[in-house]
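See structure below.
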Amino acid sequence: MKNSYEAMFIVKPNLTKEETDSLTAHLKDGVTKNSGVVEELLVWAEKRKLSYPINKFEEGIYYLLRFKTDSLNIIKMKDIYKLNDSIMRFLIIKIDEKHLPVTGAVLKEA
């Protein structure tokens, strides 16, 4: 049974357009290659100031990814995302479909 998940990524703020396109494809491929279904991929915040520096960066771009997959695939996906140098931090959580999060801001499609 496929569960719903939400992943938040903080990526380097100095990526070029080509690197950003490659990154969004990489984020989606991480799900689809592990028999998952991408529901949406959004830019949650562009160049937001971080609470503390990460890898000497004081700003980061936040991506929000909602998808469905089997729970066994999450470990494989984490391994894939850890190898990408453009991703500074990420968090994947399981969400209850009864209580889907409501986004208050208008998000830009990635």
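A short reminder: the numbers here are calculations on the coordinates, not readings from a lab. Since this is a predicted model, take the numbers as computed values, not measurements. Neighbour counts are summed over all protein chains in view; Cβ atoms, including those assigned to glycine, are modelled from backbone coordinates with ideal geometry.
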Helix 73-82 sits at what angle to the longest principal axis of the chain, using alpha carbons and giving 0 to 90 degrees rounded to 10? 10
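Taking the Cα centre of the chain as the origin, how large is its charge dipole in debye, to the nearest 20, when only Lys and Arg (+1) and Asp and Glu (-1) carry charge on their Cβ atoms?
240
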Can you tell me the relative contact order of segment 3-98? Whole percent, Cα pairs under 8 Å, sequence separation 6 or more. 48
Interchain or sequence-distant (5+) residues whose placed amide H lies within less than 5 Å of the amide H of residue 40 are 66
Tell me which aspartates and glutamates have Cα within less than 16 Å of residue 33's Cα, excluding those fewer than 8 residues away on the same chain? 70, 79
Take the alpha carbon atoms of segment 1-22, find their center, do the same for segment 30-46, and report the distance between the two centers in whole angstrom. 7
Quick check: convex hull over the Cα atoms of segment 3-98, volume per residue in Å³, rounded to an integer? 97
